[in-house]
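Colleague: Here it is, the structure in full.
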Amino acid sequence: MEINRRKYKLRRDLKKKIKQQPSEEVVQGLYAQLFLEHCLLHFKKQQLEKKMDEALDRVDKEAFMALSNEYKLMYHQNQLGLTLIEQDYKFHIYLKW
């Protein structure tokens, strides 16, 4: 019987925790982190595009292929968006590529 009571109490505590809203501090932290991640990703994307254009202008096929592979990898890693987690709260956004 003691084991069943513990399980019930754990489940009840988990349900309470899930229903709690994140604090303003957690939400603001997630927004700030998300903004920085988005800015960094956008900057890296622009840099890669610029370097790919320069490689095309130089007719440097090897450099272009390496940069385009890096671009594809970055795209595939981020095509489903960004998910940030802080204090058991998840925040997910989709990115416009």
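Colleague: Within the set of pairs 6+ apart or on separate chains, which have a first residue in segment 35-60 that is within 14 Å of TYR71 (Cβ to Cβ), a second that is surrounded by 10 or more Cβ atoms within 10 Å (Cβ to Cβ) and hydroxyl-bearing (Ser, Thr, Tyr), and C-beta atoms under 9 Å apart?
Modeller: Sorted first by the residue in segment 35-60, then by its partner, the pairs are LYS45/TYR71; LYS45/TYR75; LEU48/SER68; LEU48/TYR71; GLU49/TYR71; MET52/SER68; MET52/TYR71; ALA55/SER68.
Colleague: Hey, PHE64 hits all of (1) without any contact (Cβ under 8 Å) to a residue 40 or more places away in the chain; (2) surrounded by 14 or more Cβ atoms within 10 Å (Cβ to Cβ); (3) closer than 30 Å to GLY29 by Cβ; (4) among the aromatic types (Phe, Trp, Tyr) but one; which does it fall short on?
Modeller: Here PHE64 meets the rest and fails (3).
Colleague: Turning to a different aspect of this structure: Considering only residues that are more than 21 Å from ASP88 (Cβ to Cβ) and of a type in the set (Gly, Ala, Ser), which ones fall in segment 25-68?
Modeller: ALA55, ALA63, ALA66, SER68 - these are the residues of segment 25-68 that are more than 21 Å from ASP88 (Cβ to Cβ) and of a type in the set (Gly, Ala, Ser).
Colleague: Look at segment 20-30 and say how many of its residues are loosely packed, with under 12 Cβ neighbours inside 10 Å and assigned to a helix (DSSP H, G or I).
Modeller: Of the residues in segment 20-30, 3 are loosely packed, with under 12 Cβ neighbours inside 10 Å and assigned to a helix (DSSP H, G or I).
Colleague: Between a residue in segment 68-86 that is loosely packed, with under 13 Cβ neighbours inside 10 Å and any residue that is β-branched (Val, Ile, Thr), which pairs come within a Cβ distance under 9 Å, given they are 6 or more apart or on different chains?
Modeller: If the second residue must be β-branched (Val, Ile, Thr), the pairs left are GLY81/ILE93; THR83/ILE93.
Colleague: What number of residues in segment 41-76 are part of a helix (DSSP H, G or I), more than 20 Å from the chain's Cα centre (by Cα) and of a type outside the set (A, V, I, L, M, F, W, C)?
Modeller: Number satisfying all stated conditions: 11.
Colleague: Restricted to segment 11-53, and to residues that are of a type in the set (Asp, Glu) and either farther than 24 Å from GLN77 by Cα or in contact with an Asp or Glu (Cβ under 7 Å, 6 or more places away or on another chain) (or both), which residue is modelled with the lowest pLDDT?
Modeller: Here the residue is ASP13.
The values are calculated or read from the model by the stated rules, or taken from the named source; none is laboratory data. These figures come from a predicted structure and were not determined experimentally. Counting neighbours? That spans all protein chains shown, and the Cβs are built from the backbone with ideal geometry, glycine included.
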